[in-house]
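Encoded as structure tokens, the structure appears first; notes follow it.
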Amino acid sequence: MKTTASACGKVILFGEHAVVYNSPAIAAPVISVHANVSIAESEKFILDARNYSREINLSKEHLEKSDSLFASQETIFSTLKHFKLGKRQKIRIIIDSEIPIEAGLGSGAAVAIAIIRAISVHFKKKISNNDLYDLAFKTEELHHGTPSGVDPTVIINEKPVFFKKDPKTLELLTLKNPIQLVIADTGVQSKTSEVVADVKKNNHDEEFAEIRILTEQARDLIESGEVLRLGPLMDDNHELLKTIGVSSPELDKLVDAAREAGAIGAKLSGAGRGGHIIALADENSKAIGNALMDAGAHRVFYTEIK
Ligand code: MEV
């Protein structure tokens, strides 16, 4: 018998990095890409992983070399332990993810959540969203060091969220009008843990206070349906992220190209230094996407947040 489960990707609309320091963030699911996990009976425990958007093929012999596969193995063992199942299960787990790794699209959290869901279904064990979050958060710590928890939160809920780390605040946002986003990947991989650790070296209280104001204004605009007014706030958020040192020439080039092609606003999204940008579109997504490919984007996704 084969069991399958999946989890979607995510983007941060406002507030990345600041959210690690207790400012709020707004994040949304990207349901056009998924991490898929299947489990089947096997002679012995086997773990295989494939990330086809980056043409990476991993299998057990690469385990020591791959942080992400190591994190997946930890997720499997802690989930089996949570369900009081022995570690030595004779199962073959295949991770097949469309979400680019180290691109700020939540690949680490999505793979962990898909693994936990697949084990839960395979062994017919129910799991609450709180326990799912706690298990996925442990994997996030392996990837990030000091994660805010926004990635597993938005991926589990599959809804746009207004999130704060402490005291933990989770508001599921109701959108009056959908948000059309073009997501462009620089193709440059970047480790969230390293970028978050670099940001920590300096005091950015002033920038984080400004990001907090932008994020709160954005929540009001999203809830009142004035989504096109988010553009200038995205531009301002990008400038503040640049000031704290997490942009890169590749990200800035894509942000500029998106604006020149008619995007209403654009910013880097996620940890930065590489990864992706998001551009706000108004019925001109395709033109923006084409311009981003011409400007050197590795790949482009289109998504409607609703
Ligand atoms: C990563 O998606 C967003 C960061 O704010 C880190 C975190 O919140 O854990 C950079």
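The values are calculated or read from the model by the stated rules, or taken from the named source; none is laboratory data. Note that the coordinates shown come from a computational prediction; the quantities given were computed from them, not determined experimentally. Ideal geometry is used to build each Cβ from the backbone, glycine not excepted, and the neighbour counts take in all protein chains shown. Side chains are part of the model used for accessible areas, which takes the heavy atoms of the whole protein and leaves out ligands, DNA and RNA. Shrake-Rupley method; radii C 1.70, N 1.55, O 1.52, S 1.80 Å.
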Ordering 123-133, 222-232 by per-residue average of other C-beta atoms within 10 angstrom, highest first, gives 222-232, 123-133
What residue among Ile12, Leu47, Ser193 has its Cα farthest toward the positive end of the dipole of the chain, where the charges are +1 on Lys, Arg and -1 on Asp, Glu, each on the Cβ?
Leu47
So how much accessible area does Met293 have, in Å² to the nearest 10, using a 1.4 Å probe?
90
Tell me the relative contact order for segment 192-306 as a rounded percent, counting alpha carbon contacts under 8 Å between residues six or more apart.
22
So what's the back-of-envelope 222 nm ellipticity for the chain, counting only DSSP H runs of four-plus at -39500 (n - 2.57) apiece and dividing by all residues, rounded to 500?
-12500 deg cm²/dmol
Charges only on Cβ, +1 for Lys and Arg, -1 for Asp and Glu: so what's the dipole of the chain about the Cα centre, in debye to the nearest 20?
1620
Portion, in percent, of the accessible area of segment 175-305 that falls on carbon or sulfur, probe 1.4 Å
46
Regarding segment 175-305, what is the average projected area of its C-alpha convex hull, in nm²?
7.3
Return a whole-number percent for the relative contact order of the chain, with Cα pairs under 8 Å and 6 or more residues apart as the contact set.
23
Dipole of the chain [Lys/Arg +1, Asp/Glu -1 at C-beta], most positive-end residue of Ile99, Ala35, Ala257:
Ala35
Cross-link pairs Lys2/Lys84; Lys138/Lys176; Lys164/Lys286 - those with Cα-Cα distance over 26 Å
Lys138/Lys176; Lys164/Lys286
Nearest 20 debye, what's the magnitude of the dipole of segment 2-164 about its Cα centre given +1 on Lys and Arg Cβ and -1 on Asp and Glu Cβ?
760
Rounded to two decimals, what is Rg over Rh for segment 2-164 when you use alpha-carbon atoms and the Kirkwood radius?
0.96
extent check for segment 155-234: Cα max minus min per principal axis, descending, whole Å, gives 39, 33, 29
Kindly flag which residue pairs out of Lys87/Lys125; Lys191/Lys242; Lys201/Lys253; Lys81/Lys126 have an alpha-carbon separation exceeding 20 Å in this structure.
Lys201/Lys253
For Lys200, list the aspartates and glutamates whose Cα falls under 17 Å from its own Cα; do not include residues on the same chain fewer than 8 positions away.
Glu16, Glu141
Can you tell me the Rg and Dmax of the chain, counting just the alpha carbons, in angstroms?
18.9, 57
